[in-house]
1. Residue under question is residue 113, and the condition is that it be closer than 18 Å to residue 50 by Cα, surrounded by 15 or more Cβ atoms within 10 Å (Cβ to Cβ) and at pLDDT 55 or above; does it hold?
2. Which one of these does residue 50 not meet: (1) at pLDDT 90 or above; (2) exposed (fewer than 12 other Cβ atoms within 10 Å of the Cβ); (3) among the charged types (D, E, K, R)?
3. Filter the range 35-47 down to residues that are touching a residue at least 24 places away in the same chain (Cβ under 8 Å) and buried (at least 16 other Cβ atoms within 10 Å of the Cβ), then give me how many there are.
4. So which residues in the range 62-92 are assigned to a loop (DSSP other than H, G, I, E, B) and among the acidic types (Asp, Glu), if there are any at all?
5. For the range 62-85: of the residues being of a type in the set (Asp, Glu) and in contact with a Leu (Cβ under 9 Å, 6 or more places away or on another chain), which is surrounded by the fewest Cβ atoms within 10 Å (Cβ to Cβ)?
6. Does any residue in the range 60-71 that is without any contact (Cβ under 8 Å) to a residue 60 or more places away in the chain and within 19 Å of residue 85 (Cβ to Cβ) come within less than 7 Å, Cβ to Cβ, of a residue that is assigned to a helix (DSSP H, G or I) and of a type outside the set (Ser, Thr, Tyr) six or more places away or on a different chain, and which pairs are these?
7. Read through the list (1) surrounded by fewer than 18 Cβ atoms within 10 Å (Cβ to Cβ); (2) part of a helix (DSSP H, G or I); (3) of a type in the set (A, V, I, L, M, F, W, C), then give the number of the only condition that residue 59 fails.
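The values are calculated or read from the model by the stated rules, or taken from the named source; none is laboratory data. Keep in mind that this is a model prediction, so the values were computed, not measured. Glycine also receives a Cβ, built like all others from the backbone with ideal geometry; neighbour counts cover every protein chain displayed.
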Amino acid sequence: MAATLNDMMERLPAERRQKVEVRAEELVAKELTLRDLRKAHDLTQEGMAELLDIGQDSVSRLEKRSDLLLSTLRSYVSAMGGTLDLVARFPDRPSVVLSGLAGLTEDDRSTKAKSKPRKRIDS
């Protein structure tokens, strides 16, 4: 009989099992959709709409979009208490965090995160 993942995890030493679980969480976190991110913060679409001062239907449309303005995405993440960073990765160079997009500097970002997000959300 083939061993299940749970069986294999139970056989691992506690320290190794914890490392595997942490790494699994990291991998899952890299692939979250906006909907998944909202749910991970225990927010409903209605709750998110209230934070963004928009309608629930707008949150639904926003979460289904594959193309967003950076300012819209930044507002969405900011409403949950996070910050948005844009990183450019190249095969032959170190990663670069892009700044100054949409006229925001690091100082502006920290100020924006504390203020209420803009009402306009592209749809």
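1. It is false that residue 113 is closer than 18 Å to residue 50 by Cα, surrounded by 15 or more Cβ atoms within 10 Å (Cβ to Cβ) and at pLDDT 55 or above.
2. (2)
3. Residues in the range 35-47 being touching a residue at least 24 places away in the same chain (Cβ under 8 Å) and buried (at least 16 other Cβ atoms within 10 Å of the Cβ): 3 in total.
4. Passing the criteria: 67, 85, 92.
5. Of everything passing the filter in the range 62-85, 85 is surrounded by the fewest Cβ atoms within 10 Å (Cβ to Cβ).
6. So the pair list comes out as 70/101; 70/102; 71/102.
7. It fails just one condition, (1).
Each row is one residue, and each column tells you yes or no for (1) on the phi > 0 side of the Ramachandran plot; (2) at pLDDT 90 or above; (3) of a type in the set (D, E, K, R).
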{"position": "20", "(1), (2), (3)": "no, no, no"}
{"position": "34", "(1), (2), (3)": "no, yes, no"}
{"position": "56", "(1), (2), (3)": "no, yes, no"}
{"position": "103", "(1), (2), (3)": "yes, no, no"}
